[in-house]
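Colleague: Attaching a single structure in structure tokens format; questions to follow.
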Amino acid sequence: QVQLVESGGGLVQPGGSLRLSCAASGSIFRTNAMGWYRHAPGKERELVATIAPGFSTNYADSVKGRFTISRDNAKNTVFLQMNSLKPEDTAVYYCNARLRRVVTDPWVEYWGQGSQVTVSS
């Protein structure tokens, strides 16, 4: 059984910072792309950032220059450092990972449980 467990959400004032973490646990052969998505009330889920196994990254325009995605391949963990937070960043953040449990498995997408990030004064 593979699980993605998130930590690090919370309440922060505008201009503040938060760091999200997401660790994949269980029997894992290899992890491919990992990323973060967010879902705000009344809006569709949107991509925030992704990172490939070779550490190439992709960001939504709305977070470029403020958020940084990183990963630890040895620990199957992905991070999202969020700086200069704005009220419009308020959302539930979900981590995502494509991985194989064994060498003969297809790539399967997994999701974390979601972390509430609230930016408010």
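Colleague: Whole number in Å², please: accessible area per residue of the chain, 1.4 Å probe, ligands, DNA and RNA not counted. Before the final figure, lay out the partial values.
Modeller: Details: 6430 Å² over 121 residues.
Each residue of the chain exposes 53 Å² on average to a 1.4 Å probe.
Colleague: A further question on this structure: Would you list, by chain and number, the aspartates and glutamates whose Cα falls below 16 Å from the Cα of residue 75, excluding same-chain residues fewer than 8 positions away?
Modeller: Correct list for residue 75: 6.
Colleague: Using a 1.4 Å probe over the heavy atoms of the protein chains, calculate the carbon and sulfur portion of the accessible area of the chain as a whole percent.
Modeller: Within the chain, the accessible surface is 48 percent carbon and sulfur.
Colleague: Ordered by residue, what ³J(HN,Hα) values in Hz, to whole numbers, does segment 99-111 give under the Karplus form 6.51 cos²θ - 1.76 cosθ + 1.60, where θ = phi - 60° and Gly and Pro are x?
Modeller: So the J values, rounded to whole Hz, are 8, 10, 7, 9, 4, 8, 6, x, 5, 10, 8, 10, 10.
Colleague: So, taking all protein chains as they sit and a 1.4 Å probe, how much accessible area belongs to residue 21, in Å² rounded to tens?
Modeller: For residue 21, solvent-accessible area is about 30 Å².
Colleague: In what sequence, largest accessible area first, do 36, 111 appear using a 1.4 Å probe?
Modeller: 111, 36
Colleague: Would you kindly derive the ³J(HN,Hα) couplings of segment 12-18 from the backbone phi angles with the Karplus curve 6.51 cos²θ - 1.76 cosθ + 1.60 (θ = phi - 60°), listing them in order in whole Hz, with x for Gly and Pro?
Modeller: 9, 7, x, x, x, 10, 9
Colleague: Compare 93, 59 by solvent-accessible area with a 1.4 Å probe and give them largest first, with all protein chains kept in place.
Modeller: 59, 93
Colleague: Of the residues 89, 72, 105, which exhibits the maximal mean-square fluctuation in a Gaussian network model of the chain defined by a 10 Å Cα contact cut-off?
Modeller: Checking each option, the largest mean-square fluctuation is seen for 105.
Colleague: With an 8 Å Cα cut-off and a minimum separation of 6 or more residues, compute the relative contact order for the chain in percent. List each step's numbers first, then the result.
Modeller: Working: 306 pairs, mean separation 43.9, N = 121.
Relative contact order comes out at 36 percent.
Colleague: Let me ask something additional. Cross-link partners among aspartates and glutamates for residue 43, C-alpha distance below 18 Å, same-chain residues fewer than 8 apart left out?
Modeller: Residue 43 reaches 61, 88, 89.
Colleague: Here is a follow-up. Given a Förster radius of 30 Å and the C-beta distance between residue 11 and residue 56 as r, what FRET efficiency does 1/(1 + (r/R0)^6) yield to the nearest 0.05?
Modeller: 0.40
Colleague: Determine the percent antiparallel among the DSSP beta bridges restricted to the chain, to the nearest 5. The partial results should precede the final answer.
Modeller: Details: 40 of 44 bridges.
Of the beta bridges lying entirely in the chain, close to 90 percent run antiparallel.
Colleague: Still on this structure: Compare 92, 103, 12 in a GNM of the chain, Cα atoms joined below 10 Å, and give the one with the largest fluctuation.
Modeller: Among 92, 103, 12, the largest GNM mean-square fluctuation belongs to 103.
The values are calculated or read from the model by the stated rules, or taken from the named source; none is laboratory data. Just so it is clear, the model here is predicted, and its values are computed rather than measured. Backbone-built Cβ (ideal geometry, glycine too); neighbour counts: all protein chains shown. Surface accessibility is based on the protein's heavy atoms, side chains included, excluding ligands, DNA and RNA. Shrake-Rupley method; radii C 1.70, N 1.55, O 1.52, S 1.80 Å.
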